[in-house]
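Bear in mind these aren't lab numbers, they're just calculated from the coordinates by the rules spelled out. None of these values were measured; they are calculated from a predicted model. A quick note on method: Cβ atoms are made from the backbone with ideal geometry, for glycine too, and the neighbour counts reach across all protein chains shown.
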Amino acid sequence: MLNLNLNGLSRMKYWNHRVIYKKDKQTGLESFEIHEVYYSKKGKIESWTELAVAPFGETKEILKKELKYFKKALKQPILVEKLKGKKNKLVEL
């Protein structure tokens, strides 16, 4: 599921893959997942995929290119969901 609303789509400028840290409140299990993160024209995070994404390619070459984007996500600061007011926001860990 994508945390997007239709208003967000009109303001969206770009997206990329990012690593999001998660900790299960019941089990305490920690994980790091790659998600698609969507930004406004001003570079502010607007939304992200609720579920992690997996690399996919219709050809081996496309899959290799996709994997490069995933590796690039590992070089960016890790993000974590935080409740700010009544909405979840992504912030750097």
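If you go through the stretch 74-87 one residue at a time, how many are surrounded by 13 or more Cβ atoms within 10 Å (Cβ to Cβ) and not charged (D, E, K, R)?
Total satisfying the criteria: 4.
Hey, can you tell me all the residues within the stretch 25-73 that are charged (D, E, K, R), surrounded by 11 or more Cβ atoms within 10 Å (Cβ to Cβ) and assigned to a strand (DSSP E or B)?
Glu33, Glu36, Glu46 - these are the residues of the stretch 25-73 that are charged (D, E, K, R), surrounded by 11 or more Cβ atoms within 10 Å (Cβ to Cβ) and assigned to a strand (DSSP E or B).
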